[in-house]
Amino acid sequence: MVQINGLDELNNKLKALRDEVGNKEVGKTLYSSLMYASTPMYQQARANAPFRTGVIKGAIKRRRLTRGDSANIDGAAIAVYVEIKGSRKSRENAYYYIFHEEYGARGRPPIPFIRPAFDNNQSEATDRFAQKLGQRIDKILG
């Protein structure tokens, strides 16, 4: 998880935006900025995904987190994740396959693709988020 602290000026602008246009517009602004910021992570995870069957690469997705334990109660949150579809048994098998690719298994070295994408792009994501959020707030407020 990436938390951004020290963006007091943007936070004050966000409060002014909330007062002027409401929570719905603030939510759109936050989520679009988060999607923009996470693009390098998402692209690198897809590029690094092992290509034994091509299933993992196509299953890497991004989405807003709005409900449940994963959602950020204090603000906006998104996830880059591997979506597993199918029956329960096939999902369980896919989960172990993906886990073994990322972390390795007995006699098989790990081929990490999610962790490096996160680690390599964390500071860039922070910068991209601050840049895009500032642009969107300035555009809305004029």
- Does any residue of the stretch 107-123 turn out to be part of a loop (DSSP other than H, G, I, E, B) and at pLDDT below 75? no
- Query: What is the residue count in the stretch 53-105 for residues that are open to solvent by 80 Å² or more (accessible area, probe 1.4 Å), out of contact with any Phe, Trp or Tyr (no Cβ under 9 Å at 6 or more places or on another chain) and modelled with pLDDT of 85 or more?
  - Reply: 1
- Message: Among (1) closer than 13 Å to Gly134 by Cα; (2) modelled with pLDDT of 90 or more; (3) open to solvent by less than 50 Å² (accessible area, probe 1.4 Å), there is one condition Tyr36 misses while meeting the rest; what is its number?
- Response: (3)
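The values are calculated or read from the model by the stated rules, or taken from the named source; none is laboratory data. Note that this is a predicted model, so its numbers are computed, not measured. Please note: Cβ atoms are built from the backbone with ideal geometry, for glycine as well, and neighbour counts cover all protein chains shown. Accessible surface areas use protein heavy atoms only, side chains included; no ligands, DNA or RNA. Shrake-Rupley method; radii C 1.70, N 1.55, O 1.52, S 1.80 Å.
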